[in-house]
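I have placed the structure first, in the form of structure tokens, so that the comments after it can refer back to it.
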Amino acid sequence: MRPVLCCALIATLFGAASPSRGDEATVTYKSIAPDTALDLAKSALATCRGHGYQVSVVVLDRFGQTLVLLRDRFAGLPASTTANDKAYTALSFHLSSGEFAKSIQSGKLSAGLSALPHIVTLAGGLVIEAGGNVLGAVGVAGAPGGDKDEECAQTGLDSIRDKLDF
């Protein structure tokens with residue numbers, strides 16, 4: 001094969017594999033920063049403590065990786081795992097774990113979804129969003145009821161809202 005034709009063929013092949021115009025070769029995303037996640041978790045823990053609840057608080061980044069896990073000294077044995085799974089559920093479905101539970105109960109979502117690993121149908125997990133971006137999720141477990149867990153999570157989220165809005 002002549003060198004010019006060979007080069008043209010190679011350029012054509014690689015051109016077909018490269019991103020088309022308008023596609024990005026790299027991705028830019030936003031995620032909650034570890035220090036902000038820690039502030040959120042501390043606020044949620046303090047709120048629950050103030051109500052007399054011993055809880056665990058987990059903050060996940062947008063990819064479901066743990067940034068912070070705080071466990072109060074008398075939180076129940078399953079609290080940390082449950083807090084993680086509440087955050088994971090919220091992050092996975094882009095709605096609070098309490099709303100996810102209601103959607104399962106009402107039949108809006110398939111009950112089979114609740115059988116997936118790390119998915120729970122308990123309130124206490126919230127998505128962390130700002131500027132139309134999902135930044136992560138927070139989960140709280142250990143209070144006497146998911147509604148109380150969610151209240152602590154929401155207080156933690158509210159405490160960092162000014163750092164997230166952009």
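Structure data summary
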| read-out | value |
| --- | --- |
| Residue-wise HN-Hα coupling along the stretch 118-134, computed from phi with Karplus coefficients 6.51, -1.76, 1.60 (Hz; x: Gly, Pro) | 6, 9, 10, 10, 9, 6, x, x, 10, 7, 9, 10, 7, x, x, 10, 7 |
| Over the chain, relative contact order from alpha-carbon pairs under 8 Å, at least 6 apart, % | 25 |
| Positive-end extreme of charge dipole, the chain - chosen from Ala130, Pro117, Gly76 (charges on Cβ) | Pro117 |
| Calculated from backbone phi, Karplus (6.51, -1.76, 1.60) coupling profile of the stretch 106-111 in Hz, x at Gly/Pro | 7, x, 5, 10, 5, 4 |
| Whole-Hz ³J(HN,Hα) from phi, Karplus 6.51 cos²θ - 1.76 cosθ + 1.60, for the stretch 150-158, glycine and proline x | 5, 4, 5, 4, 5, 4, x, 5, 4 |
| Alpha carbon convex hull of the chain, projected area averaged over orientations, nm² | 14.3 |
| Theoretical ellipticity at 222 nm over the chain - DSSP helices of four or more residues, -39500 (n - 2.57) apiece, nearest 500 | -15000 deg cm²/dmol |
| Sorted peptide list for 70-78, 141-149, criterion being average Cβ within 10 angstrom, highest first | 141-149, 70-78 |
| Estimated inter-spin distance, Val27 and Asp165, nm [label 7 Å along Cα→Cβ] | 2.9 |
| Under-5 Å amide H pairs with Val68, H placed in peptide plane, nonlocal only | Val59 |
| Least to most buried among Lys108, Lys86 (fewest other Cβ within 10 Å first) | Lys108, Lys86 |
| Sorted by Cβ density within 10 Å, fewest first, the residues Thr81, Thr28 | Thr28, Thr81 |
| Computed magnitude of the charge dipole of the stretch 29-164 (debye, nearest 20; Cβ of K, R +1, Cβ of D, E -1) | 120 |
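No lab work stands behind these numbers, since they all come straight from the coordinates. In this text the structure is predicted, and so the values were computed from the model without any measurement. Virtual Cβ from ideal backbone geometry, glycine too; neighbours counted across all protein chains shown.
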